[in-house]
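Notes to accompany the following structure.
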Amino acid sequence: MIPYGQHSIDEADIDAVLDTLKSRLITQGPTVNAFEQAISQRVKSRYAVATSSATAALHITCLAMGLSSNDIAWTVPLTFVASANAIKYCGAKVDFVDINLSDGCICIQSLEEKLLNAQQKNTLPKLLIVVHYSGISCDMEPIANLCKPFGIKIIEDASHAIGGTYKEFPVGSCRYSDATVFSFHPVKIITSGEGGMITTNDKALHEKLKLYASHGITKDANKLTENMPPWYYEQHLLGFNYRMSDIHAALGLSQLKKLDSFIESRHKQADKYITELKELPITFLNVPDDVKSSWHIFVIKLDKDAPITRETLYIELQKSNVGCQVHYIPVHWQPYYQGIGFKKGDFKKTECFYNVCLSLPIYPSLKEQDYVIKALKNLLG
Ligand SMILES: *Cc1c(COP(=O)(O)O)cnc(C)c1O
């Protein structure tokens, strides 16, 4: 089966991991710091904090922003469940803002309407997690302008979007947000095995994130109660072990060196799909002019006049050994979320999108793109 997504690991990556394995520190050593610095340099943020996953990163970013059981937070329903789960981990109430059919990202008009409604009902959220669907940055400037008057914090879930840009700025620069979260799961653009990263320009938030990622413990002499012995450490809040190991960081750091070439190869493949498949009864995502997508996934939407259904297309592609995937089953359709009060029909644009979308294979080591294109032409031509 040709997978829809796949990591690309080379000898340099393997050597980097082996070097770390042979070194004195395999966790909490120098490589995590080096990876953090390399990421913040790359995305032009002031700070970066490595974590064991993007899910962990989202969780502690919400906590560090003070999200608690008295609060509400919003995200979108067209995402992986982790974006919403992070809110629930904090005990807060979750609600969703619908998306654009054109690009799968948060709909600015829906956000504006929901904010006005929430203002009247006194149910404004403490924070909003937006998702850069497929690698396309959300339209961050109007989002920031809408949220600022209400003091709503903004987290970018950029699990799909490292290497992308918005208005000439790298995703992760946090120009229009308080924090950005990346994932280094093997299916994403670059991998550390498992891993995540938070970038921010907020010094206080950065310090809090560091604490939350490691049991709430500090050894910083400036932060300890005065006149403590030299072995002393203190726990200042209830944190977690959400640290990244140096082994993982070594892989991530080595992969980061290839980010540009990975993005270039994804762009070539996306361009080829768009050129070769443009006659078929499908629609591609619209990438706005001021956005450079990272093309984490290549999503097609099946038109109404297509000769077969999305389900048949999925099944027939699988039969031809072409792995594809549906991104995503709406989060509010999950039994857990139905159990806390959401219903089918609650977010219509997300549901329309879900009904027609399919993600095709795209990744640097994909050798069989011509075969995938032929299979699609056979089924939809
Ligand atoms: C993959 C993904 C996550 C979770 O990432 P992990 O590193 O696996 O925890 C969160 N949000 C989105 C949008 C994702 O695609």
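Every number in this text was worked out from the coordinates using simple rules, so none of it is lab data. As the structure is a computational prediction, the values presented were derived from the model and not from experiment. Cβ sites come from the backbone with ideal geometry, for glycine too, and all protein chains shown count toward neighbours.
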Residues satisfying the stated conditions in segment 43-81, i.e. surrounded by 23 or more Cβ atoms within 10 Å (Cβ to Cβ) and without any contact (Cβ under 8 Å) to a residue 60 or more places away in the chain: 73, 74
Residue selected from segment 34-76 under the condition part of a strand (DSSP E or B) and farther than 20 Å from residue 173 by Cβ, by the criterion nearest to the ligand (Cβ to nearest atom): 75
Sole residue being over 19 Å from residue 64 (Cβ atoms), of a type in the set (Val, Ile, Thr), in contact (Cβ under 8 Å) with a residue 12 or more places away in the chain and away from the ligand (no atom under 16 Å from the Cβ), chosen from 136, 143: 143
Segment 321-353, residues that are under 16 Å from residue 133 (Cβ atoms) and either in a loop (DSSP other than H, G, I, E, B) or out of contact with any Pro (no Cβ under 7 Å at 6 or more places or on another chain) (or both): 325, 326, 327, 328, 329, 330, 347, 349, 352, 353
Residue in segment 213-222 that is among the small types (Gly, Ala, Ser) and crowded, with 21+ Cβ neighbours inside 10 Å present: yes
Selected residue (criterion: farthest from the ligand (Cβ to nearest atom)) from residues of segment 174-189 that are buried (at least 24 other Cβ atoms within 10 Å of the Cβ) and farther than 28 Å from residue 18 by Cβ: 174
Matching residues, segment 190-210, being away from the ligand (no atom under 16 Å from the Cβ), outside any loop (DSSP other than H, G, I, E, B) and in contact (Cβ under 8 Å) with a residue 60 or more places away in the chain: 200, 203, 205, 206, 208, 210
Some residue of segment 215-224 being closer than 24 Å to residue 62 by Cα and β-branched (Val, Ile, Thr): yes
Qualifying position, being part of a helix (DSSP H, G or I), in contact with a strand residue (DSSP E or B) (Cβ under 6 Å, 6 or more places away or on another chain) and either more than 27 Å from residue 297 (Cβ to Cβ) or of a type in the set (Ser, Thr, Tyr) (or both), among 110, 134: 134
Selected residue (criterion: surrounded by the most Cβ atoms within 10 Å (Cβ to Cβ)) from residues of segment 11-24 that are within 30 Å of residue 371 (Cβ to Cβ) and without any contact (Cβ under 8 Å) to a residue 60 or more places away in the chain: 14
Single condition residue 147 does not satisfy, out of (1) touching a Ser or Thr at 6+ places or on another chain (Cβ under 7 Å); (2) surrounded by fewer than 24 Cβ atoms within 10 Å (Cβ to Cβ): (1)
